[in-house]
């Protein structure tokens with residue numbers, strides 16, 4: 001199947017994977033900044049942007065088709081939100097293709113449980129229920145959550161809306177499949193068992209991935225390079241790009257693949 005990608009720059013390869021309901025255009029400005037030092041490939045997940053749709057939008061199927069766009073010599077995966085869960089799942093299936101992983105605003109177990117910090121499951125269930133009645137309105141409410149707490153939330157929300165409208169929206173079954181991944185997948189064991197270096201970057205004001213999950217993640221895997229960007233929410237590559245670039249550069253420069 002056809003997977004759409006956009007590649008910028010040259011050097012050590014980075015592959016950027018977007019979050020729920022979005023497409024590779026969400027990265028474009030930030031990717032071009034990264035491309036001043038790296039070869040940066042932004043990918044549209046199946047059924048998003050310009051990529052072909054899967055019969056079923058499952059984590060296993062996504063990984064199976066994304067392997068074809070990963071450099072055979074290996075790369076660093078940068079996954080945002082749902083894209084972070086995809087990034088975590090890929091090295092378990094194709095270990096030679098992944099050298100490092102950077103997770104931005106992502107959580108190996110997205111929903112809150114008695115022993116884990118995450119998003120309220122009822123919130124995700126409400127989004128799933130509302131998609132059929134008002135798909136576009138539901139997506140707009142999801143975007144609003146991503147910028148909640150930001151000083152420039154109106155400006156960033158406008159930017160998100162422009163990106164969302166730049167491509168045809170994913171079909172409802174694709175969106176529901178993405179929500180099911182967020183609700184049902186538990187990748188904590190995969191994260192714990194990873195042999196490649198991992199960086200986790202969280203925003204202090206993120207309402208979708210509460211910053212309190214940082215402590216849980218470090219307990220799970222103490223070797224993780226953890227960064228909290230103060231006053232950032234769910235989209236630090238839009239609200240705090242300079243700080244995010246510095247954190248990624250520092251990780252790429254000082255942490256070597258094992």
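The values are calculated or read from the model by the stated rules, or taken from the named source; none is laboratory data. Note that this is a predicted model, so its numbers are computed, not measured. FYI the Cβ positions are ideal-geometry reconstructions off the backbone, even for glycines, and counts take in every protein chain you see.
Residues of the range 227-242 that are crowded, with 16+ Cβ neighbours inside 10 Å and not in a loop (DSSP other than H, G, I, E, B): 227, 229, 236, 237, 238, 239.
Would it be correct to say that residue 180 is more than 25 Å from residue 123 (Cβ to Cβ), within 19 Å of the chain's Cα centre (by Cα) and in a helix (DSSP H, G or I)?
Criteria not met by residue 180.
Give the number of residues within the range 149-159 that are closer than 19 Å to residue 202 by Cβ and under 18 Å from the mean Cα position of the chain (by Cα). Here the count works out to 1.
Residue under question is residue 69, and the condition is that it be under 16 Å from the mean Cα position of the chain (by Cα) and either closer than 29 Å to residue 246 by Cβ or modelled with pLDDT of 95 or more (or both); does it hold? In short, no. Scoring residue 102 on the criteria (1) touching a helix residue (DSSP H, G or I) at 6+ places or on another chain (Cβ under 7 Å); (2) over 24 Å from residue 38 (Cα atoms) leaves a single failure, condition (2).
Would you tally the residues in the range 150-176 being more than 24 Å from residue 53 (Cα to Cα) and surrounded by fewer than 17 Cβ atoms within 10 Å (Cβ to Cβ)? Outline the logic, then answer.
First, the residues of the range 150-176 that are more than 24 Å from residue 53 (Cα to Cα): 150-159.
With surrounded by fewer than 17 Cβ atoms within 10 Å (Cβ to Cβ) added as a condition, the list becomes 151-155, 158.
Total meeting the criteria: 6.
In the condition set (1) more than 20 Å from residue 88 (Cβ to Cβ); (2) touching a helix residue (DSSP H, G or I) at 6+ places or on another chain (Cβ under 9 Å); (3) not in a helix (DSSP H, G or I), residue 205 is compliant with all but (2). The residue that is surrounded by the fewest Cβ atoms within 10 Å (Cβ to Cβ), counting only those in the range 1-11 that are assigned to a loop (DSSP other than H, G, I, E, B) and touching a strand residue (DSSP E or B) at 6+ places or on another chain (Cβ under 7 Å), is 10. Scanning the range 59-107 for residues that are in contact with a strand residue (DSSP E or B) (Cβ under 9 Å, 6 or more places away or on another chain) and assigned to a loop (DSSP other than H, G, I, E, B) gives 70, 71, 73, 74, 81, 105, 106, 107.
The set of residues in the range 116-126 being assigned to a loop (DSSP other than H, G, I, E, B) and at pLDDT 95 or above consists of 117, 118. The residue that is farthest from residue 169 (Cα to Cα), among those in the range 24-58 that are in a helix (DSSP H, G or I) and without any contact (Cβ under 8 Å) to a residue 40 or more places away in the chain, is 32.
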